[in-house]
Structure formats: C-alpha cells, structure tokens
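Chemist: Before I ask anything, here is the structure I am working with.
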Amino acid sequence: MFWCCCWPIGKCAKVLACFDTLVVGIFAYKSFGVLMDTLNNLHWTTVISFLFFTSFLICHILGTVFIVLAAQKKIARYCLPRLVLIAGLTVCSLVALIFMVTYFAGSAKTVNTFLFRVYEYFFGVALTETDKLELKHELRYYGVAFFLLAALFFIYNVFELWLTIKFKQTLNEFEPVPTEPSAPQLSHNPAYAEPPLKSYPNMA
C-alpha cells in the first residue's frame, strides 16, 4: 500500500492484484495438501475448504488477468471483474466487522451459545460446562484477533477499491472515439446520372 505513493496507479493496481492472487494461491495449495493427506479419511470441512479456496483462486486469477489486459489495451471495462471481486470482499469484511462489534457490545453470550450448539451438532460432541467455560475465554481472545484482522482487511479492501476505481477512470480518458457516422448514408445508384444543366445564349 505504501509503495503506491511512488508508483503509477496502473502499476500499483496490477501489483496488488498479483499479491492478492499469490496469497490466495498459498492458501489453496495448503488446503490441497491437507486434502491429499486426509484422502483416506475425508472430512466435509476439508473438502469445503479446498473447494472454497480453489474457487476463490480462480476468481482472483480472472480479476488479475483482466486488470493486466485493461492496462495494456487501455480498456476500462476490463476492470469490472476485479472491481466486483473487491467490492464483494469489502462487503464481507464490513459484515464481519459489524458482527464483531456487536459481539463485544453485549451479544457475546448469545453468540457463544450459538457456536457451542453448532459445534455439538456438526461434530457430535457434547460439551460440558467446564469445556464451555474454557472455550468462552478462548473465544474472547480469538474474537479480539479476528476483530483486528477484519478491521485491517476492510481498510485494505477499501483502499484497493478506491485505487481500482481511480485506475478505471484514467482508462476512460483513452476510450476510442467511434469512427462510424452517426447518421445513415443515403444510397447511391451509380447507373443514375444527373441531367446536364441547360445553358442559355447571351441575349445582350
């Protein structure tokens, strides 16, 4: 983000797109490794994690390819896939941030009870009161860390969204002017020739 103060806006947009794709690619590779390690004893969480990061990686690759093409061909509409992706991430990070604010604002007990029920339902393990008490303290620490990550991720996405919009606006200045005439041309018959003008003698 700090490098963008010195770089051209197009270069910064491409570098951030490549950086995002690299990070998501690492997570996708890690999830693929976990999937291969547990191939004989698959769990639904492993499969969903692999499918999620793989789909996420494909979206980032498409967005990066189009943002590079937009810079090379000077076509503003090629920025739209990247803009849609960043806008979706911004909304998701904002929702997570609001959720964490409500969690620390007084909804921690309700959220913890919901999480305990979800855990018991999916994993088939009944939690004792001692387990719940320990998990409550752990969830509070995890909540603080997740809140900080959500806040940083939201700020990062807002910056990327603003940067990509500015980059798209600069490309709008290079939109080609249509060369086709706006009004239809009259049909012309080459076999038709206008009659010659009559000439009159000078009577003076």
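Read-outs: derived from the displayed coordinates by stated rules, not from any lab. This structure is a prediction, so every number in the text was calculated from the model and none was measured. Counting neighbours? That spans all protein chains shown, and the Cβs are built from the backbone with ideal geometry, glycine included.
Chemist: What list do you get for MET36, MET100 if you sort them by fewest beta carbons within 10 Å? Let's see the in-between values first.
Modeler: Details: MET36 10, MET100 19.
By the 10 Å Cβ count, ascending: MET36, MET100.
Chemist: Test of understanding: what is the full-extension gain from GLU138 to LYS166, defined as 0.36 nm times their sequence separation minus their Cα-Cα distance?
Modeler: Extending this stretch completely gives an extra 5.9 nm.
Chemist: In the structure shown, do any of LYS74/LYS166; LYS14/LYS168; LYS30/LYS168 have a Cα-Cα gap over 24 Å, and if so which? Display every interim value, and only then the final one.
Modeler: Values: LYS74/LYS166 14 Å; LYS14/LYS168 12 Å; LYS30/LYS168 34 Å.
Pairs exceeding the cut-off: LYS30/LYS168.
Chemist: Give the shape of segment 57-136 as rounded, prolate or oblate, defined through the alpha-carbon gyration tensor: a ≥ b ≥ c are the square roots of its eigenvalues, a/c under 1.5 means rounded, and otherwise the shape is prolate if a/b is larger than b/c and oblate if not.
Modeler: prolate
Chemist: Order these by the 10 Å Cβ neighbour count, fewest first: ILE75, ILE48.
Modeler: ILE48, ILE75
Chemist: To continue, here is another question. Looking at segment 72-140, which chymotrypsin sites (Phe, Trp or Tyr not before Pro) are DSSP coil and have at most 10 other C-beta atoms within 10 Å of their C-beta?
Modeler: On the way: sites: TYR78, PHE99, TYR103, PHE104, PHE114, PHE116, TYR119, TYR121, PHE122, PHE123; in loops: none.
Of the chymotrypsin sites (Phe, Trp or Tyr not before Pro), not one in the loops of segment 72-140 has a Cβ with at most 10 other Cβ atoms within 10 Å.
Chemist: Volume per residue, Å³, of the convex hull around the alpha-carbon atoms of segment 104-154?
Modeler: Considering the Cα atoms of segment 104-154, their hull volume per residue is 86 Å³.
Chemist: From the Cα gyration tensor of segment 1-65, with a ≥ b ≥ c the square roots of its eigenvalues, which class applies: rounded if a/c is under 1.5, or else prolate if a/b is larger than b/c, or else oblate? Don't skip to the answer; put the middle values down first.
Modeler: On the way: a/c = 4.66, a/b = 3.18, b/c = 1.47.
Prolate.
Chemist: Another question, then. Given axes a ≥ b ≥ c from the Cα gyration tensor, I'd like to know whether segment 7-172 is rounded (a/c under 1.5), prolate (a/b larger than b/c) or oblate.
Modeler: oblate
Chemist: Within segment 122-138, name every residue whose backbone N is under 14 Å away from a label modeled 7 Å from Cα of HIS43 along the Cβ vector.
Modeler: Under cut-off, by backbone N: 122-125.
Chemist: Suppose each label sits 7 Å from its Cα in the direction of the beta carbon; what would the TYR119-PHE104 distance come out to in nanometres?
Modeler: 2.1
Chemist: Would any residue of segment 88-107 have its amide N under 11 Å from a label point 7 Å out along Cα→Cβ of PHE146? List them or say none.
Modeler: 96-97, 99-101, 103-104
Chemist: Mind checking Rg over Rh on segment 80-123, alpha carbons, Kirkwood formula for Rh?
Modeler: A ratio of 1.21.
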